[in-house]
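Report on one structure; see the data block that follows.
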Amino acid sequence: MQPYELSVTEAAEAIRARRLSPVELVDSVLDRIERVEPHLHAYVAVTAEQARSSARAAEREAADGSFRGPLHGIPMGLKDLIDAAGTATTASSRVRSGHRAETDSTVAAGLAAAGAVLVGKTHTHEFAYGLITPQTHNAWDRSRVAGGSSGGSAVAVAAGAAGFALGTDTGGSIRVPAALNGVVGLKPTYGLVPRHGVTALSWSLDHVGPLTRTVEDAALVLPALAGHDPRDPASLVTYPADQRPPRGTDLTGVRVGVPRNYYFDHVTADVETAVRRAIDRLEDLGARLVEIEIPMTRYIRATQWGLMVPEATAYHERTLRTVPDRYTEDVRLLLEAGELLPAGDYLRAQRARTMMQQAWRGLFDEVDVIAAPTVPTVAVPAGQDTITWPDGTVESVSDAYVRLSAPANLTGVPSLSVPVGHDRAGLPIGMQLLGPPLGEFELLRVGHAYEQSEPARALAPVA
């Protein structure tokens, strides 16, 4: 096994035991990037020189017995919305051409303090305003979409071109590409991870979180990200007390909610089969399955767009008027549409969101976690715009991909996407676990138990 093939957990143990040096690990990942990047285009920029310098520093610290924790010497990628001092943050857009961050974002500073090594900035759908990431190819089939908007981060992790990576999630942009590329994606509770130094899409819906190879890896990365930062007005002061990595497979006493409505509507047969099989596995591990009704489903899509569209347009107001030609057409049209949305519609969306949050709190009086598909279908071929369901319903690809992930953004609850198999063409499928606010530990515990009960998964078969 090559060093780049190791999970964060495995690499951390090897570095701690002196079986692997940070320099060997980072060199292996940089070599892997050089090999697969021409096929995948996951990275906007690779910071090889900086990474090797950081790896040498981490190796010197390790030689002195000074370990910063489980991320010491681990190579990682940052979505190109996240500032890291001295590197460009372009949001994969010509609008930001030449922009260079002067200081670290809160999350980049936290990861640097934990000893992680930045190897590059990963592609996003322009300004995170889309579910495709058109520059990047799916790690399992280069003819298909990577998913978005954190597509570069998901593909880099799936291909062994990063130990882990950070993404952002406004309507599913961590979990969607995680599911489509067979990796783990965690959208934390709203406000748990500070967003200072992260380019916004929609301030009331944006989240930052990790994409990793395993659930245990996500549990190791989260503590370096979470914490209060007054520079983010939404940052929570409360922090979960239980930060232990999940252990074991016994889920006795855990109540798993299985939606009878919404989440299994208009999903492919392969997705439904894989997710229901995974839910049955949770029951085999001791969990009790509880059928639940998802509230206010008819308002989910309108509320998501009613909040996101005007907030995104407000953020881009100046550049939309001064350099509109620098945006890609799909993003520019969405931003222009936001100028036409009446203020009353935005306020109604805010009220609807508040009602949803209250209703979802009631769900978690009945269950500990909810299990459902992450997305209703696997990665579609690049260039495909719509999906036609067996009943004749036609849905845009973006609407289909966001439909099942948006509720967690609207309500602010944490959500974890875990790989649960492949369709008949060999494309990955994800199961989404949702929990109450600050319920990350329980999600990670359930996801890890499922993961441990399944055979080990290999990296994506990239040439």
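The values are calculated or read from the model by the stated rules, or taken from the named source; none is laboratory data. All values derive from a computational prediction rather than experimental measurement. Glycine also receives a Cβ, built like all others from the backbone with ideal geometry; neighbour counts cover every protein chain displayed. Quick note on the areas: whole protein, heavy atoms, side chains included, nothing else; ligands and nucleic acids left out. Shrake-Rupley method; radii C 1.70, N 1.55, O 1.52, S 1.80 Å.
Given the conditions (1) over 22 Å from Asp169 (Cα atoms); (2) within 26 Å of the chain's Cα centre (by Cα); (3) in contact (Cβ under 8 Å) with a residue 24 or more places away in the chain, report the number of the one that Asp280 does not fulfil. Single failed check for Asp280: (3). Number of residues in the stretch 283-294 that are part of a helix (DSSP H, G or I) and touching a residue at least 40 places away in the same chain (Cβ under 8 Å): the value is 1. Selection within the stretch 113-139: residues that are closer than 12 Å to Pro381 by Cα and touching a strand residue (DSSP E or B) at 6+ places or on another chain (Cβ under 6 Å). The member of this set that is most open to solvent (accessible area, probe 1.4 Å) is Ile132. Where strands (runs of 3 or more DSSP E) fall entirely within the stretch 73-180, those with at least 1 residues that are closer than 21 Å to Met431 by Cα are at 164-169. Of all residues in the stretch 396-417, those that are without any contact (Cβ under 8 Å) to a residue 40 or more places away in the chain have Cβ atoms under 6 Å from Cβ atoms of residues that are not hydrophobic (A, V, I, L, M, F, W, C), 6 or more apart or on another chain, in Ser396/Thr386. Check Ala62, Ala58 and return the single one that is in a helix (DSSP H, G or I), over 23 Å from the mean Cα position of the chain (by Cα) and modelled with pLDDT under 95. Answer to the selection: Ala62. Which one is nearest to the chain's Cα centre (by Cα), of the residues in the stretch 207-237 that are open to solvent by 20 Å² or more (accessible area, probe 1.4 Å) and of a type in the set (D, E, K, R)? Among residues in the stretch 207-237 that are open to solvent by 20 Å² or more (accessible area, probe 1.4 Å) and of a type in the set (D, E, K, R), the one nearest to the chain's Cα centre (by Cα) is Arg213. How about the stretch 380-408: which of its residues are touching a Ser or Thr at 6+ places or on another chain (Cβ under 6 Å) and within 18 Å of Phe364 (Cα to Cα)? Selection gives Ala408 alone. Residue check: Arg318 meets all listed conditions (1) in contact with a Phe, Trp or Tyr (Cβ under 9 Å, 6 or more places away or on another chain); (2) of a type outside the set (Gly, Ala, Ser); (3) not assigned by TED's automatic domain parsing to the domain that holds Val402 but one, namely (1).
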